[in-house]
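What follows draws every value from the coordinates through simple rules; no lab data is involved. Worth saying up front: this structure is predicted, and the values here are computed from it rather than measured. Here the Cβ positions follow ideal geometry from the backbone for every residue, glycine too, while neighbour counts run over all protein chains shown.
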Amino acid sequence: MTSDPIPTVALPGGARVPALGQGTWNMGDDPRRRADEVRALQTGLDLGLTLLDTAEMYGDGNSEELVGEAIRGRRDEVFLVSKVLPGHATRRGTVDACHASLRRLGTDRLDLYLLHWRGRVPLAETVQALEGLRQSGDIRAWGVSNFDPGDLRELAGVPGGEHVAANQVLYNLTRRGIEFDLLPEAQARGLPVMAYSPVEQGRLLGDAALRAVAARHGVPELQVALAWVLRQPGVIAIPKSGRAAHVRENRAALDLRLTEQDLRDLDAAFPPPRRPQALEML
Ligand code: NAP
């Protein structure tokens with residue numbers, strides 16, 4: 001079967017990134033899994049899933065080192081995303097954390113650098129540091145993660161805050177709260193939403209409604225869950241898999257067209273939000 005081309009999402013700066021990327025949380029921690037994990041990431045790159053999401057937090061740098069190994073010799077194919085811990089997000093700390101990430105990743109630049117979640121450091125200070133990194137070329141763009149609509153409004157009032165390039169948040173069939181406000185607001189202003197844990201870390205497996213839709217299409221259940229996330233414009237999904245076979249299944253989610261009936265059945269099992277909900281985090 002031939003695949004459709006990978007759809008892209010435009011960042012506010014104009015760069016286009018694939019709507020389906022690869023997460024890496026918990027990768028690089030188990031030496032026995034390492035070769036399979038590197039192969040899985042490289043399989044994804046071969047299939048066009050060239051946006052890789054990592055963080056200094058993941059395995060205390062293990063994930064970044066693994067990603068560095070996977071992209072060696074092919075850095076230019078990759079849109080590389082990493083994150084600074086809120087405890088490091090001071091003026092000096094952000095720069096040091098970024099340089100440490102670059103060393104572990106074996107590269108001279110990040111394409112996107114995110115504040116992992118909000119901490120105690122004033123936003124204005126973190127943004128100043130991120131803007132400095134952008135000007136020095138260490139990062140091409142910066143964004144945030146786990147920011148709710150109130151956090152985003154506050155960010156908009158900080159000098160340089162208008163340069164935010166993405167917000168990475170939890171979004172999947174069982175976590176639909178952002179559909180009420182955060183997602184439509186982001187879509188309206190052209191701020192990409194990166195959906196993390198798009199298959200709820202595998203816990204969606206075995207759900208009866210998902211199974212019924214998957215059976216109709218003759219595809220694995222998680223492929224339906226991923227296709228459901230990817231149906232939204234302006235959303236980039238970053239499933240994590242350390243197995244090449246799963247990465248291939250995830251790539252195929254881009255070719256799956258959910259019908260109106262599928263969407264109605266999934267809405268019945270996983271109702272959309274009717275009122276604002278506090279942003280969930282994992
Ligand atoms: P996820 O992607 O929803 O789920 C990962 C789990 O699903 C793994 O156990 C994986 O197992 C399994 N899986 C993936 N594809 C599968 C398939 N086709 N068939 C069967 N099982 C499959 O959860 P996540 O890792 O929490 O989220 C994705 C990424 O988002 C993370 O890796 C990380 O990069 C990012 N993230 C960011 C934040 C944040 O605060 N910004 C928080 C959480 C996650 P196998 O490896 O065995 O395939």
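Using a Förster distance of 35 angstrom, determine the FRET efficiency expected from the C-beta separation of R92 and Q187, and round it to 0.05.
So the FRET efficiency works out to roughly 0.45.
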For the range 5-102, just say rounded, prolate or oblate: build the C-alpha gyration tensor, square-root its eigenvalues into a ≥ b ≥ c, call rounded for a/c under 1.5, and beyond that prolate if a/b exceeds b/c, oblate if not. oblate
Could you work out the equivalent-ellipsoid semi-axes for the chain, taking the square root of 5 times each eigenvalue of the Cα gyration tensor, largest first, in whole Å? 29, 23, 16
In nanometres, what is the gap between the two model label sites at D60 and D30, each 7 Å from Cα along Cα-to-Cβ? 1.9
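Contact order normalised by length for the chain, with contacts defined as Cα pairs under 8 Å and 6 or more residues apart; what percent is it?
About 21 percent, as a whole number.
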How much length, in nm to one decimal, is gained on full extension between T174 and R248, taken as 0.36 nm per residue of separation minus their Cα-Cα distance? 24.3 nm
Once amide H atoms are placed 1.01 Å from N in the peptide plane, what residues at a sequence separation of 5 or more from I139, or on another chain, have their amide H within under 5 Å of its amide H? L110, R134
Suppose the chain between R153 and R103 were pulled fully straight at 0.36 nm per residue; how much longer would it get relative to their current alpha carbon spacing? 14.7 nm
When the label point is put 7 Å from the Cα of E280 along its Cα-to-beta-carbon vector, which residues of the range 202-231 have a backbone N closer than 11 Å? 204
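Once Rh for the range 19-75 is found with the Kirkwood sum over Cα pairs, what is the Stokes-Einstein diffusion coefficient at 37 °C and 0.692 mPa s, in µm²/s?
Values: Rh = 11.1 Å.
So the translational diffusion coefficient is about 295 µm²/s.
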D267 paired with R16, simple spin-label distance in nm, labels 7 Å along Cα-to-beta-carbon: 3.1
For the range 178-238 and the range 91-153, compute the distance between their C-alpha centroids and round to whole Å. 27
Per residue of the range 240-246, in order, report the coupling 6.51 cos²θ - 1.76 cosθ + 1.60 (Karplus, θ = phi - 60°) as ³J(HN,Hα) in whole Hz, putting x for Gly and Pro. 9, 8, x, 10, 4, 4, 5
Helix 221-230 versus the longest principal axis of the chain: what angle, 0 to 90°, nearest 10, using Cα atoms? 50
Test of understanding: ordering M57, M194, M281 by Cβ neighbours within 10 Å, fewest first, what list do you get? M281, M57, M194
